[in-house]
Amino acid sequence: MDVIPPGSRLKTLQVTFGGAAISALTLSLWPWLTLYDPGTVTDHLTRAVTLTIVGAIGWFTFGASLKNSRWSKIGAWLFVAIAAWGVLEGVASAGELANRKLFRGSTSAPFLLTLFQLDEPLSEKHFAWVPYLTLTMAAVPALCMGAASRLFLSKSGSTKKMPHSRWWTPIAFTLGLLIWPLDTWATQRPHPFQNWLPEIASGHPFHEFFRYQVVENNRQEFGQRIVNGQVLRVMERDSSPALGKWHFAAGREILTTDVKDADGLRVSALFSLSLADAPRTALIAGFPEPAMAQELQRSGVSAMDLASGPQEVVDLDWLFNPNWAGIPIRSFFDIKELNPSTYDLVLYAPAAPWRLGANPARAGIFQELAESLCPQGVAAFFLPASSLPAQEIEGLWKHFQGAFQGKGTSRAWILPRGLQTPRIIFTSSSEDLPEQLPKLVSIGLQAAGFPLSYPSDLSLLQIPTTKAFKEPSESALFPWSRLRARQTHGVQEEILAAEALAVLPQTPISLALTGHLASQQWTLPDSQFTSELTQMDLTWETTQSFLQLARQYPHSQLIQRLWMDLAQALVEKREVEWADATLPILVEELGWRHPIFLWAAGRTALEVMEPEQALEYAEEILRQKPEMLKAQALREEALRAQ
C-alpha cells in the first residue's frame, strides 16, 4: 500500500515546491533586511518576530478567507508571485535608501515622529528602528508568504477526502521550507538566487561625513558577496589615504580597523610575536588585516596563512582590498577547516564580535585554533577593551584557558594605547618567557608607539588571573547585543573600556587607566576634527595616580610614553596648576629629559611667569633637536617674556 495515494503525489510535489519557493524568497530578501542595523542577536530576533507577525496577519486574513476555495492552490501560487515581486521591490528599496535625502525623508516621516513622539529622525537608537526598516522592505512579501503558506496547507477540494493529507501535506510543506537551509548547511555555499546584482541593491548604510562606494576591479566585478545571510562588501571611502580609504563591511558594520587604531593591531601582533621563539609559520584568524600581516612579515615570519569564518570573508578582502598588495600569503582557510599542528604563531582578532555568529567564545573556535598550533607555539586572542562586555570577560578567559590547556601557559595582558582605550590580550606560550626582545620586534614596537622596557615592563602589563574576577556592575541577557546598543546610544568607548577593566584583576597600569577612562565625559562638540588628546578629560585624581605610577616605575619606557600624551594634554588644555605640580617632578626628580617633557615643562614655566626656566628648557631641547619648531617658538617667547 502506497504511503501517499497516486493521485495525491502531484499535490504533494506542488506543496513541496511551494515551501521551497517561500524559503528561497525569504533567503533572498533576508540579507538586505540586515543592511542597516548592526546584526546583533536582538536585531535578528526583532526582525524575525516582525516578519512572523506580518506573516500571521496574512495567514489569518487572506489565507483563512480563501482556504476552503477550490482554487486555493492557484491562489497560493498567485500570492507567491506577488511575494516574488515584493522581494524584488524590497531589495530595490534597500538600494534606494543609500540616497541620503530619501533615507532621511523616510526616517523623518511626520507619522513616525508623531507615533513615537520623536524630536529627531528615527534612528537605530530607537526600539522601532529594526521593525520599521523590516516593514519598509518586507511587509508585502511577508504578508503574501503568510497567506500562501495557509493556502498550501489547506485541505480543499479532493484533498478533503484523503485522510492521508492530515499528515503528508504539512510534512511536504516543511520539507520544501527546509530544502535550501539544509543545502546551505551541507555545502556551506550561498545559493545563486541570493546573489542579486549590485545594480539591484547598491545601498550603502553609512550615512556619515564620508561617502562609500563598492570596489570594482578591472574585470568589472564588484567586491560584494552574500554569505551566511549577510551582505559582505569591500568599500572605497572618499577620504585621504592617511585616514584610510579601503574598508570591509558586513552589513552596516565596518570590520576594518580605523587608521588611528591600527597601531593597536600592530602592537598586539608584535607583542604576541615577542613571546615566541623565532616563529616561521603564522596564522591570522578572525578578521585578518594587512597591518598585522605586514608586521609579522617585517619581523621574520616566512609563511603566513589567513582564516576567517566563513572563508569568503578573507577571500573577498584579499581580492578587492589594495592594501594587501605586496604581502605574500600562502593559503586561505575557513576557521573550522584548519590543519592540525601547523603554526608556530596563531593570532585571533575577531571584528565586531556582537554580530550574530561572531561571538569569540562560540563553540569550537578556540579549540580549532589550539589544534592548529604546533607544540611550543604561541597563540593570542585580542580585542579592544571597549569591545568586551564586562559580563563576558571571565567566561572568555575560561574558554581560552580550557582550549589551550596542555599547549602552554595561559596569560592575560593589558596593552595600553597612551591615554586611550587599551587592548586586552590572552596568550598561550611556554612557561618561561624569552629573556629579551628580538631586535626587529623591538623596533616595530617603538615605531608603533609602544616602547617596552623588557622584561621589567611585563609586570605592569600581565593581569594576575590567579586572583578572582570581580562581578560586573550590571547583568545583561544578551551582553554582546547590549554592548552594541550602548555604543549606538552614544556611550563613549572609554566608559565601556573602564567597565571591562574594572572586572579584571588589577595591575598598576590598569588601575590608573580605569580611573582615567571612567572619568571621561567627552563634552567637546567638534570631535570630528579635534585631536583625541584635546578631547580627553583630565582630573586631578587621575593625574596624581599617573604620577604615582611614574614614581613607582621611573625607568619604564612604557610609562614615559604614556606620560608624553598626558604632558601634552595638560599643556593643550591649559591645566596650569596640575602641570606645575607634576611636570617638574618628571623632569627634575625622575630625570625624564625627553624633548616632549622639557617642552611641556617649559610651557608651564611660561604660564607661571618663570621665563628663565622656560628658556633653560628650550635651549636644552634645541641642543638635542635643533629642528624642533615648538622648542624654537618656546625659546622666542621666553626671551620676549624676560
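The values are calculated or read from the model by the stated rules, or taken from the named source; none is laboratory data. As the structure is a computational prediction, the values presented were derived from the model and not from experiment. When we count neighbours, we look across all protein chains shown, and the Cβ atoms used for this are built from the backbone with ideal geometry, even at glycine. Areas reflect the complete protein model, heavy atoms only, side chains present, ligands, DNA and RNA absent. Shrake-Rupley method; radii C 1.70, N 1.55, O 1.52, S 1.80 Å.
Can you name every residue in region 584-628 that is of a type in the set (S, T, N, Q) and farther than 13 Å from Ala567 by Cα? Show your work before the answer.
Here is the first cut: in region 584-628, the ones of a type in the set (S, T, N, Q) are 604, 613, 624.
Matches in region 584-628: Gln613, Gln624.
The listed residues are Leu133, Leu151, Leu102, and the only one of them that is hydrophobic (A, V, I, L, M, F, W, C) and modelled with pLDDT under 85 turns out to be Leu102. Of everything in region 236-265 that is farther than 17 Å from Ala98 by Cα and among the aliphatic types (A, V, I, L, M), the residue that is surrounded by the fewest Cβ atoms within 10 Å (Cβ to Cβ) is Ala242.
With Gly75, Gly86 as the choices, which residue is open to solvent by less than 60 Å² (accessible area, probe 1.4 Å), under 42 Å from the mean Cα position of the chain (by Cα) and small (Gly, Ala, Ser)? Give the steps one after another, and end with the answer.
Numbers: Gly75 fails: under 42 Å from the mean Cα position of the chain (by Cα).
Unique residue meeting the criteria: Gly86.
Applying the condition of being touching a helix residue (DSSP H, G or I) at 6+ places or on another chain (Cβ under 9 Å) and outside any strand (DSSP E or B) to region 218-238 and asking which residue is modelled with the highest pLDDT yields Gly223. Among the residues of region 112-126, the ones that are assigned to a loop (DSSP other than H, G, I, E, B) and without any contact (Cβ under 8 Å) to a residue 12 or more places away in the chain come to 5 in all.
With at pLDDT 90 or above and under 29 Å from Ala352 (Cα atoms) as the only criterion, which of Gln462, Gln492 stands out?
On the way: Gln492 fails: at pLDDT 90 or above.
Just a single option satisfies the conditions, and that option is Gln462.
Against the list (1) part of a strand (DSSP E or B); (2) open to solvent by less than 10 Å² (accessible area, probe 1.4 Å), the condition Pro389 fails is (1). A Cβ distance below 9 Å, combined with a sequence gap of six or more or placement on separate chains, defines the contacts here; from region 451-477, residues that are under 30 Å from Asp565 (Cα atoms) reach residues that are open to solvent by 30 Å² or more (accessible area, probe 1.4 Å) and among the aromatic types (Phe, Trp, Tyr) in the pairs Ser453/Tyr553; Ser456/Tyr553; Asp457/Tyr553; Ser459/Tyr553; Leu460/Tyr553. Which residues, taken from region 392-442, are open to solvent by 40 Å² or more (accessible area, probe 1.4 Å) and among the charged types (D, E, K, R)? Hits for region 392-442 are Glu392, Glu394, Lys398, Lys407, Arg417, Glu431, Asp432, Glu435, Lys439.
Restricting the search to region 268-288, which residues are closer than 29 Å to Phe206 by Cα and of a type in the set (Val, Ile, Thr)? Ile284, the sole residue that qualifies.
Just checking, which of Thr582, Thr534, Thr539, Thr543 is more than 34 Å from the chain's Cα centre (by Cα), hydroxyl-bearing (Ser, Thr, Tyr) and either open to solvent by less than 20 Å² (accessible area, probe 1.4 Å) or over 28 Å from Ser456 (Cβ atoms) (or both)?
Details: Thr534 fails: more than 34 Å from the chain's Cα centre (by Cα); Thr539 fails: more than 34 Å from the chain's Cα centre (by Cα); Thr543 fails: more than 34 Å from the chain's Cα centre (by Cα).
Being more than 34 Å from the chain's Cα centre (by Cα), hydroxyl-bearing (Ser, Thr, Tyr) and either open to solvent by less than 20 Å² (accessible area, probe 1.4 Å) or over 28 Å from Ser456 (Cβ atoms) (or both) holds for just one of Thr582, Thr534, Thr539, Thr543, which is Thr582.
Just one residue in the set Phe116, Phe127 is modelled with pLDDT of 85 or more and either open to solvent by less than 30 Å² (accessible area, probe 1.4 Å) or within 18 Å of Leu51 (Cβ to Cβ) (or both); that residue is Phe127. When Ala448 is tested against (1) of a type outside the set (Lys, Arg); (2) closer than 24 Å to Ala370 by Cα; (3) touching a residue at least 12 places away in the same chain (Cβ under 8 Å), only condition (2) is not met.
Taking the condition of being over 21 Å from Leu369 (Cα atoms) and among the acidic types (Asp, Glu), how many residues in region 296-332 meet it? Spell out how you get there, then give the answer.
Taking region 296-332 first, the residues over 21 Å from Leu369 (Cα atoms) are 298-300, 316-328.
Imposing the further condition that a residue be among the acidic types (Asp, Glu) reduces the set to 317.
Total satisfying the criteria: 1.
Pairing each residue of region 493-508 that is crowded, with 18+ Cβ neighbours inside 10 Å with any residue that is among the aromatic types (Phe, Trp, Tyr), provided the two are 6+ apart or on different chains, yields C-beta distances under 7 Å for Val503/Phe469; Leu504/Phe469. Give me the residue from region 242-272 that is of a type in the set (Ser, Thr, Tyr) and part of a loop (DSSP other than H, G, I, E, B) and, out of that set, farthest from Leu35 (Cα to Cα). For region 242-272, the residue satisfying everything is Thr257. Is region 266-274 home to any residue that is of a type in the set (D, E, K, R), out of contact with any helix residue (DSSP H, G or I) (no Cβ under 9 Å at 6 or more places or on another chain) and buried (at least 17 other Cβ atoms within 10 Å of the Cβ)? For region 266-274, residues of a type in the set (D, E, K, R), out of contact with any helix residue (DSSP H, G or I) (no Cβ under 9 Å at 6 or more places or on another chain) and buried (at least 17 other Cβ atoms within 10 Å of the Cβ): absent. Residues of region 465-486 that are open to solvent by 50 Å² or more (accessible area, probe 1.4 Å) and in a helix (DSSP H, G or I): Arg482 alone. For Glu312, the conditions (1) in contact (Cβ under 8 Å) with a residue 40 or more places away in the chain; (2) in a helix (DSSP H, G or I); (3) buried (at least 20 other Cβ atoms within 10 Å of the Cβ) are fulfilled apart from (3).
Just the residues that are touching a strand residue (DSSP E or B) at 6+ places or on another chain (Cβ under 6 Å) and closer than 20 Å to Trp397 by Cα, please, taken from region 356-378. Full working, then the answer.
Initial filter on region 356-378 (touching a strand residue (DSSP E or B) at 6+ places or on another chain (Cβ under 6 Å)): 369, 372-374, 377-378.
Selection gives Leu369, Ser372, Leu373, Gly377, Val378.
In this structure, Pro340 does not qualify as in a loop (DSSP other than H, G, I, E, B), in contact (Cβ under 8 Å) with a residue 12 or more places away in the chain and either aromatic (Phe, Trp, Tyr) or under 19 Å from Ala250 (Cβ atoms) (or both). In this structure, Ala379 does not satisfy being of a type in the set (A, V, I, L, M, F, W, C), open to solvent by 10 Å² or more (accessible area, probe 1.4 Å) and under 16 Å from Leu347 (Cα atoms).
Under the condition of being open to solvent by less than 70 Å² (accessible area, probe 1.4 Å) and either among the small types (Gly, Ala, Ser) or in a loop (DSSP other than H, G, I, E, B) (or both), the residues counted in region 605-630 number 5.
For region 452-464, taking the residues that are part of a loop (DSSP other than H, G, I, E, B) and open to solvent by less than 30 Å² (accessible area, probe 1.4 Å), the one that is farthest from Leu517 (Cα to Cα) is identified as Ser453. Note on region 534-560: residues that are without any contact (Cβ under 8 Å) to a residue 40 or more places away in the chain and closer than 25 Å to Ile495 by Cβ total 13.
Looking only at residues in region 520-564 that are in a loop (DSSP other than H, G, I, E, B) and among the aromatic types (Phe, Trp, Tyr), the one that is modelled with the lowest pLDDT is Phe529. Just one of (1) assigned to a loop (DSSP other than H, G, I, E, B); (2) at pLDDT 90 or above; (3) acidic (Asp, Glu) fails for Asp277. It is (2).
Scanning region 321-364 for residues that are more than 29 Å from Ser430 (Cα to Cα) and touching a Lys or Arg at 6+ places or on another chain (Cβ under 9 Å) yields Pro322, Asn323, Ala352, Trp354, Arg355.
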